[in-house]
Amino acid sequence: MRVSTSVAAAVVSVVALSAAAPIPARQAPAGTTKTAAARSAKLACNGATEPGKPIRVSPAINAKLKYTTVSGSVPLNHCTSPDGSHRHLRSARLDFRLTGQASCTRVRDVRSVGVITWYGKKNHGGTPIGRSHLQTPAHAARFSPGQALPALKITSGPLAGSTVKAGALGNAAHLNCGSRGISSLAGAFWAYAR
């Protein structure tokens, strides 16, 4: 997946958006994806990093623009299909790796690879029922961490052709980026596909 991103979410941008003061690693509150866009989505999910398994940033993002890598695995639970088209997708796991230039105020030249593994049961129960690959459009290769994350495109597997939006919940860690830097990110996330 070529990106200009955070997580994903899905994520250089997520990290640049969040991080030094991470919210507790817990499930995103129910209803947090209930924006107008999410209500008309093919699929909407909430998730959170697992305890002791934050998204990794190396070297840490700080005030200086430099090449960095962001990688991790984020479980997505409580998946629902507001438009009814993908009720069989109940949970997922997003595995990703992003590389690019990042600082507390800029992100550019981002490339990434990412796979979503889908499950037909809650909390990743049972056998995987599909895998999707993600790609970030070239126009999204530059953005400010203060902006919304760029949309990702599902290029194969379930939801192929859909656009995915994702972000972090309740994390103002980017406010401390210049003084503390960002070396990891733990907390809650949301995502929806249209």
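The values are calculated or read from the model by the stated rules, or taken from the named source; none is laboratory data. Predicted, not measured: the structure shown is a model, and the values here were computed from it. Glycine gets a Cβ as well: all are built from the backbone with ideal geometry, and neighbour counts include every protein chain shown. Areas reflect the complete protein model, heavy atoms only, side chains present, ligands, DNA and RNA absent. Shrake-Rupley method; radii C 1.70, N 1.55, O 1.52, S 1.80 Å.
For the stretch 39-79, a tally of residues being among the polar types (S, T, N, Q), surrounded by fewer than 20 Cβ atoms within 10 Å (Cβ to Cβ) and part of a strand (DSSP E or B) returns 5.
Which one is nearest to Ser73 (Cα to Cα) among residues in the stretch 95-140 that are modelled with pLDDT under 85, open to solvent by less than 30 Å² (accessible area, probe 1.4 Å) and among the small types (Gly, Ala, Ser)? Of everything passing the filter in the stretch 95-140, Ser112 is nearest to Ser73 (Cα to Cα). Give the residue that is surrounded by the most Cβ atoms within 10 Å (Cβ to Cβ), with candidates limited to residues of the stretch 83-94 that are in contact with a Pro (Cβ under 9 Å, 6 or more places away or on another chain) and not in a strand (DSSP E or B). Among those that are in contact with a Pro (Cβ under 9 Å, 6 or more places away or on another chain) and not in a strand (DSSP E or B), it is Leu89.
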